[in-house]
Amino acid sequence: MGAYAAFTLIELLVVIAIIAILASLLLPVLAKAKDKAKAIYCNNNLRQLILATTLYEDDQKALPLGWPPGISSALPSSTIWYLTLQPYVGRKFSTTAQTNRVFMCPACPNGGPYGWLTYAQNNYINTGEQPQIMTMRNIPHPVWTMMFGETDGWDACAYADTDPYGGNIC
């Protein structure tokens, strides 16, 4: 009988060790790439919200309401920014699973506390006891002004750290 060509146990262990070393070098790089992809996706969501706001302002001649004070039959809750911008981002609000995730940052687990909103609008834009109907022209320096930001998801408005309600920007 002829000799069989086979791997020895040492050769097999060396190959497994080399594969393990290569995997340990590759996995952190893949994790960084995944985090970078999430950041790009999040920035694209914010860009889509800014474009939707610009289109909304062009149609309505006003910026969306941050949080409508005194919600009643005269001013229903459907006037809040994330509901008024939905037609501009190709989404219709419902309680079922959403296919359009513009209002959710991919890095936020489960889409925030409510499952569909992780961004907030600047609380100084069309909010307060006597809201002024603002347009982009009413903002002194639009380039310096944050319109939307990623928040903890508990509120539809973004508050600065100096705000009496406390900061909620991530």
May I ask you to list pairs of residues, at least six apart or on different chains, whose Cβ atoms are under 6 Å apart, with the first in region 91-118 being on the phi > 0 side of the Ramachandran plot and the second being modelled with pLDDT of 70 or more? Gly111/Met104; Gly112/Thr118
Look at region 53-86 and say how many of its residues are over 23 Å from the mean Cα position of the chain (by Cα) and at pLDDT 90 or above. 2
Residues of region 117-161 satisfying the condition of being in contact with a Ser or Thr (Cβ under 9 Å, 6 or more places away or on another chain), surrounded by fewer than 19 Cβ atoms within 10 Å (Cβ to Cβ) and either among the polar types (S, T, N, Q) or modelled with pLDDT under 80 (or both): Tyr124, Asp152
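The values are calculated or read from the model by the stated rules, or taken from the named source; none is laboratory data. Small disclaimer: the values here were computed from a predicted structure and weren't measured. Note that we place each Cβ from the backbone using ideal geometry, even for glycine, and neighbour counts take in every protein chain shown.
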